[in-house]
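Structure incoming, see below.
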Amino acid sequence: MLRQFEYWRELNAQVVILDGASEPIDVPSQLKSSNIRYLHTGTRFNERLATAGQYVDTKYCALLPDDEFYLPSGLCAAIDTLHADNSTIGCIGRCLYFFVDQGRFLLRDAYRDWLPFPDTALDIRSRLHADLPPYKTHPATYAVLRSKFWGEIVSSSYQTEFSSAYTYERLTNLHRTVRGRTALIENLLWMRSMENPPINDVSTPRTQRHNYLSWAEAPEFSSEVNYFRQIALAIIESGGIESDEARMFEERFFVGGVHRQASKEAENGKKVSRKLRKKMLTYSPKFLRTYSKRYVPSRLLRFTGWEGYDLDTMCKSLEARGTRFSRTELEHVRELSLKLDRQIRLETSE
C-alpha cells in the first residue's frame, strides 16, 4: 500500500485509501501528501466499498486496488471521452499485467476479449441483451465513472455480504448496464499487478467452496444465492423493466453466468500450465505465494503461465495494436516495482 502513496503523491488526483486491516499502517512523513487521504476503518471489504461513495467529492471516480496502478494518460483520455459524450456514464481503457521475475520487470497484455457496447445499444433492453450471457462487453468495476453513478452502483453492489467475493463485481457490471453505457477506449489505463495472488480471507473469500461456481451450486449457500438473485432482479426492475421480462434477463444474468463460468473453468482445467499456476498460488504456504515469482526459475514460471515480455517488446506490441500509451509512465511503474522487489529480496536475505 505504501507504494500507492509514493505513486500518487505527485499526481493531480484525489485518492482516498480505506484500510480494513486490524492495525493502521505507519505512513512515513515523506510519503504523505495533501491529495491522499488515509482512513483506517478496520471494516470488512464489502462494508468499505458500500460506504466509499460518501468520501467522493470529485466529478469522476474509479476503484483503485491497493497494489495496482492507473496511468495518468489513460485517466485523462477516459475523462476526455466522458466530457465529449454525455450519453456514457463511464469509460474503461486497456490493461496490462505486470510482475517481477528474477529481477526483471515483465508485462503481459490482458483482457483483449473485452468488447464495446454496440452502437445500437442505446436503451436498457439492448444494453442488457449485449452484455448478458451468451454475449459479453467489458467490465465496469475498474472503469472511470461519473461519481453520481459510481456511488450508487458500488453502494448497491457491495452492501450485502456474500460468501463468495466474486459476487460483487457481477452485481457491479449488471447495475452499470442498467444505468447506462460505458465506453471502451484504445488507451492504456490500468496496470494490474500479478505479483501476488488475489486476496483470499474471511472478508474476501474466493477459493474452494467460495469460488463463484462452487458457491452458486452449493446447497449450504442456497438461501444466500436466492437473495443474490433477488438483488439482481431488483436492479433490473429499477430500470423500468416489467416483471416477466426482468425475470428473463435475471435468468440470463445468473443461470447463463454460471454456465459460462463452468465452461471457462472446464477449458482452463484442460491446460496443465494454468492448473499448476493456480495450485501454486492458491494452496502453497503464504511465503511461497508472496515470493514465488521472484525466486522460482524463469523456465518454471513460463511453464506455469507466468511468461511475460520486457518493456521494449510490450511497447512494440501496443503500438502494433494501435493502443495509445506513455512509455514514461510505464517506466515509472517499472521503477516502483523493481524497487519493491529489491526491498523484499533484502529483507528475506537478512
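The values are calculated or read from the model by the stated rules, or taken from the named source; none is laboratory data. None of these values were measured; they are calculated from a predicted model. Note: ideal-geometry Cβ built from the backbone for every residue, glycine included; neighbour counts use all protein chains shown.
Scan segment 174-211 for residues that are at pLDDT 95 or above and in a helix (DSSP H, G or I) and report the count.
Within segment 174-211, residues that are at pLDDT 95 or above and in a helix (DSSP H, G or I) number 6.
Of everything in segment 7-45, what is assigned to a loop (DSSP other than H, G, I, E, B), under 22 Å from the mean Cα position of the chain (by Cα), under 25 Å from D201 (Cα atoms) and not basic (K, R)? Give them in sequence order.
If the condition is that a residue be assigned to a loop (DSSP other than H, G, I, E, B), under 22 Å from the mean Cα position of the chain (by Cα), under 25 Å from D201 (Cα atoms) and not basic (K, R), then G20, A21, T41, G42, T43 are the ones that fit.
Among (1) modelled with pLDDT of 95 or more; (2) out of contact with any Asp or Glu (no Cβ under 7 Å at 6 or more places or on another chain); (3) crowded, with 16+ Cβ neighbours inside 10 Å, there is one condition K278 misses while meeting the rest; what is its number?
Checking K278 against (1) modelled with pLDDT of 95 or more; (2) out of contact with any Asp or Glu (no Cβ under 7 Å at 6 or more places or on another chain); (3) crowded, with 16+ Cβ neighbours inside 10 Å, the one that fails is (1).
Looking at I153, I124, can you tell me which residue is closer than 20 Å to E47 by Cβ, crowded, with 16+ Cβ neighbours inside 10 Å and in contact (Cβ under 8 Å) with a residue 12 or more places away in the chain?
On the way: I124 fails: closer than 20 Å to E47 by Cβ.
The conditions single out I153.
Further, regarding this structure: What residue, of Q54, Q14, Q30, is closer than 27 Å to R181 by Cβ and surrounded by fewer than 14 Cβ atoms within 10 Å (Cβ to Cβ)?
Working: Q14 fails: surrounded by fewer than 14 Cβ atoms within 10 Å (Cβ to Cβ); Q30 fails: closer than 27 Å to R181 by Cβ.
That would be Q54, the only listed residue that is closer than 27 Å to R181 by Cβ and surrounded by fewer than 14 Cβ atoms within 10 Å (Cβ to Cβ).
Go through segment 61-107 residue by residue and tally those that are in a loop (DSSP other than H, G, I, E, B), closer than 21 Å to R327 by Cβ and either in contact with a Phe, Trp or Tyr (Cβ under 9 Å, 6 or more places away or on another chain) or among the aromatic types (F, W, Y) (or both).
As a first pass, look at segment 61-107 and keep what is in a loop (DSSP other than H, G, I, E, B): 62-68, 71, 85-87, 102-103.
With closer than 21 Å to R327 by Cβ added as a condition, the list becomes 68, 71, 103.
Then keep just the ones that are either in contact with a Phe, Trp or Tyr (Cβ under 9 Å, 6 or more places away or on another chain) or among the aromatic types (F, W, Y) (or both); that gives 68, 71.
Number of matching residues: 2.
To continue, here is another question. Filter segment 39-51 down to the residues that are more than 15 Å from S147 (Cβ to Cβ) and surrounded by 17 or more Cβ atoms within 10 Å (Cβ to Cβ) and list them by number.
The initial filter retains those residues of segment 39-51 that are more than 15 Å from S147 (Cβ to Cβ), namely 39-48, 50.
Within segment 39-51, F45, N46, E47, R48, A50 qualify.
Take the residues of segment 138-148 that are of a type in the set (A, V, I, L, M, F, W, C) and either assigned to a loop (DSSP other than H, G, I, E, B) or in contact with a His (Cβ under 9 Å, 6 or more places away or on another chain) (or both): which is surrounded by the most Cβ atoms within 10 Å (Cβ to Cβ)?
Narrowing segment 138-148 to residues of a type in the set (A, V, I, L, M, F, W, C): 140, 143-145.
Retained after the next criterion (residues that are either assigned to a loop (DSSP other than H, G, I, E, B) or in contact with a His (Cβ under 9 Å, 6 or more places away or on another chain) (or both)): 140, 143.
Values: A140: 26, A143: 28.
For segment 138-148, the residue satisfying everything is A143.
While we're here: Can you pull out the residues in segment 48-83 that are among the charged types (D, E, K, R) and touching a residue at least 24 places away in the same chain (Cβ under 8 Å)?
Pass one, segment 48-83, residues among the charged types (D, E, K, R): 48, 57, 59, 66-68, 80.
Within segment 48-83, R48, D57, K59, D66, D67, E68 meet the criteria.
Take R170 and tell me if it is out of contact with any His (no Cβ under 8 Å at 6 or more places or on another chain), in the same structural domain as S238 (by TED's automatic domain parsing) and part of a helix (DSSP H, G or I). Write out each step before concluding.
Details: out of contact with any His (no Cβ under 8 Å at 6 or more places or on another chain): yes; in the same structural domain as S238 (by TED's automatic domain parsing): yes; part of a helix (DSSP H, G or I): yes.
Against the criterion (out of contact with any His (no Cβ under 8 Å at 6 or more places or on another chain), in the same structural domain as S238 (by TED's automatic domain parsing) and part of a helix (DSSP H, G or I)), R170 qualifies.
State all residues of segment 298-350 that are at pLDDT below 80 and either part of a loop (DSSP other than H, G, I, E, B) or exposed (fewer than 14 other Cβ atoms within 10 Å of the Cβ) (or both); if no residue qualifies, say none. It would help to see each step written out before you state the result.
Step one: list which residues in segment 298-350 are at pLDDT below 80, which gives 298-307, 347-350.
Correct list: R299, L300, R302, T304, G305, W306, E307, E347, T348, S349, E350.
Can you work out which of the residues in segment 156-192 that are of a type in the set (G, A, S) and under 19 Å from A52 (Cα atoms) is surrounded by the fewest Cβ atoms within 10 Å (Cβ to Cβ)? Break it down stepwise before answering.
Narrowing segment 156-192 to residues of a type in the set (G, A, S): 156-157, 163-165, 180, 183.
Checking which are under 19 Å from A52 (Cα atoms) leaves us with 156-157, 165.
Values: S156: 19, S157: 25, A165: 22.
The selected residue is S156.
Condition check ((1) among the polar types (S, T, N, Q); (2) at pLDDT below 95; (3) within 21 Å of the chain's Cα centre (by Cα); (4) within 30 Å of N196 (Cα to Cα)) across all residues:
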{"position": "F228", "(1), (2), (3), (4)": "no, no, yes, yes"}
{"position": "A262", "(1), (2), (3), (4)": "no, yes, yes, yes"}
{"position": "P285", "(1), (2), (3), (4)": "no, yes, no, yes"}
{"position": "K293", "(1), (2), (3), (4)": "no, yes, yes, yes"}
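Tell me, yes or no, whether segment 131-139 has at least one residue that is over 17 Å from the mean Cα position of the chain (by Cα), farther than 14 Å from T182 by Cβ, hydrophobic (A, V, I, L, M, F, W, C) and assigned by TED's automatic domain parsing to the domain that holds F221.
Yes, that holds for at least one residue.
Given the conditions (1) out of contact with any Asp or Glu (no Cβ under 9 Å at 6 or more places or on another chain); (2) surrounded by 17 or more Cβ atoms within 10 Å (Cβ to Cβ); (3) acidic (D, E), and given that E195 satisfies all but one, which numbered condition is not satisfied?
So E195 meets the others, but not (1).
Something else: Just checking, how many residues over segment 308-350 are aliphatic (A, V, I, L, M), closer than 23 Å to F5 by Cα and within 21 Å of the chain's Cα centre (by Cα)?
Residues meeting the conditions: 3.
Which ones in segment 74-100 are under 15 Å from N187 (Cβ atoms) and surrounded by fewer than 17 Cβ atoms within 10 Å (Cβ to Cβ)?
Of segment 74-100, the ones under 15 Å from N187 (Cβ atoms) are 74-85, 88, 90-96.
Residues satisfying the conditions are C76, I79, D80, H83, A84, D85.
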